[in-house]
Every structure is written in structure tokens, then in C-alpha cells.
Amino acid sequence: MPTAERPDRFREGAGRLCLDFIRTLRYRGTPAETEELADPAALADWVRQFGTAAGTEPSVPPLDVAQVREARALREAVYALVAAAMSGDRVGPAARRRLNDAAAAPVPVPRLTPSGTVAMSAESPLAALMSLVARDALDLATSPALLTRVRPCASPTCGALFLDHSRPGTRRWCSMDICGNRAKKAGLRARA
């Protein structure tokens, strides 16, 4: 949850946790491709931002470069799975193994706090969140009705995937506030 002290660092709103995780490779497939999980601090920030429940932030122990490499490898396995499922292909054995291993890790455990809110806890917040990401990707890739609503952003400079929850299923941009707005402004300038 964003606060005045800690605004969200990573984009949210792709419609599924696994798709938000894929977006940590910003502008995928474009000349402006940018790695957002650049170091252990960035990965810890991602865990804090996406591993929250009811406004609580998990305590994330210090992470290392090997964990960043593993997280990026899982992200690419998630992308490979979703892309393969969208095209009717099968994901390769290395990606399948990585996804299955991540999904097998324990997930965060909810507990009711004295104030009546739910807090999540896990022995390893990173492994627990990566387990949720992998499980979400497996669910998405094996849900034909949902998979038909996964779309690439219409912006040629974006590269993000999102789940179209709109009633008619005609959403074009990953974010109306960012990519959609840019496209509409460019259209207005072209017509003027």
C-alpha cells in the first residue's frame, strides 16, 4: 500500500500477481527495456510492496545477489509459461521445473491481529511471495477463460501484459493513466 513516506516503486494493476511480477522487466522487448530488479534492495522493495496484506509490511531479511538472479529466472519462467499458454504451446522443461519448485514453497500464513486486521507472515517472505507468484502463473496458464483475456499493451513502447477485466473485453492499454493517456495525447496532436 502506498504511503506518503513510501510511494509504490513498482507498477501494479496488471490484473494478476504473476503479470505484475513480469512487469519488473519494464518495456520488455523494446529498445528501452529496463531491469527493475537490479539489486537485492530492489527485490526487497518488491517483496514489501506486493507481499502486504491489510496495510502491513512484511519484514524482509537481507537478500543477496543469488536471490535476485533466482527471482529474475522465475520471472522469465513465468513469462515463458504465459506466452506459451497464450500461443497454445508448452513451456520448456527448465521453466516448468523452476515454476514447480517455486510453487512448492510454503505460502504466507494469515493471522488476525489484536486490532482486527489480517497480517501475513512467512519464515521466508521472498520464498513465500515467489510461491504465490508461481501458483498464480500456473492457475492463469491453465484457465482458458482467463487466458483469452490476457493482452499485450497496445503501446509499441510498453511491452507489458495485462488481464482485461473490462466487461466487453476490449481494453487496449495496460494502464489508461499511462499508456492510454500517451496514445490519446499523441492522437490529438496528430489530428491538430
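At-a-glance table
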item	result
For region 1-159: accessible area per residue (Å², 1.4 Å)	52 Å²
Rounded if a/c under 1.5, otherwise prolate or oblate - region 88-176, Cα gyration tensor axes	oblate
Among GLY51, PRO114, SER143 the positive-end extreme of the charge dipole of region 51-152 (Cβ point charges)	SER143
Net charge of Cβ neighbours under 14 Å - reference PRO168; Lys, Arg +1; Asp, Glu -1	+4
Rounded FRET efficiency, nearest 0.05, which uses the C-beta distance separating ALA192 from ARG11 and R0 of 35 Å	0.75
Extension gain (nm, one decimal) between ARG111 and ALA32, 0.36 nm per residue minus Cα-Cα	24.3 nm
Inter-site label distance for ARG172 and ASP89 at 7 Å from Cα along Cβ, in nm	2.8 nm
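The values are calculated or read from the model by the stated rules, or taken from the named source; none is laboratory data. Since this is a predicted model, take the numbers as computed values, not measurements. FYI the Cβ positions are ideal-geometry reconstructions off the backbone, even for glycines, and counts take in every protein chain you see. With ligands, DNA and RNA removed, areas are computed over all heavy atoms of the protein, side chains included. Shrake-Rupley method; radii C 1.70, N 1.55, O 1.52, S 1.80 Å.
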